[in-house]
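Shown next, in structure tokens, is the structure this report addresses.
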């Protein structure tokens, strides 16, 4: 009979609830994608070609900023928004750890059922 292993709790990145909540919105995911693809951008450039107003995009950027996903810097009269890749890397590492735990748990379940 296989040994019972307890489920390990993985340390979450600081502010992970806000991080994953920010990433859970399709508009914010599009903003992350645009910033990944094109680098730092102004709100004017981020709204170009979309149906969203500058105010709506600003609201989404503020949510992302509170989650540590983006930061802004003044350049003349505009704010230039830049992705904080470190936060995305933290989320990626955290999700990889969870994935490994699930793979391990499923493997143990398979072994238990098959034997």
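The values are calculated or read from the model by the stated rules, or taken from the named source; none is laboratory data. Worth saying up front: this structure is predicted, and the values here are computed from it rather than measured. Cβ sites come from the backbone with ideal geometry, for glycine too, and all protein chains shown count toward neighbours.
For every residue, the table says whether it meets (1) in contact with a strand residue (DSSP E or B) (Cβ under 7 Å, 6 or more places away or on another chain); (2) loosely packed, with under 15 Cβ neighbours inside 10 Å; (3) at pLDDT below 95.
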{"position": "21", "(1), (2), (3)": "no, yes, yes"}
{"position": "48", "(1), (2), (3)": "no, yes, yes"}
{"position": "51", "(1), (2), (3)": "no, yes, yes"}
{"position": "72", "(1), (2), (3)": "yes, no, no"}
{"position": "77", "(1), (2), (3)": "no, yes, yes"}
{"position": "94", "(1), (2), (3)": "no, no, yes"}
{"position": "106", "(1), (2), (3)": "no, yes, yes"}
TODO: Scan the range 51-69 for residues that are in a loop (DSSP other than H, G, I, E, B) and free of Cβ contacts under 8 Å to residues at least 12 places away in the same chain and jot them down.
DONE: 51, 53
Task: Among residues of the range 23-46, those that are free of Cβ contacts under 8 Å to residues at least 24 places away in the same chain and buried (at least 17 other Cβ atoms within 10 Å of the Cβ), counted - done: 1
TODO: Inspect all residues belonging to the range 74-94 and state whether any of them is closer than 16 Å to residue 18 by Cα and not in a helix (DSSP H, G or I).
DONE: yes
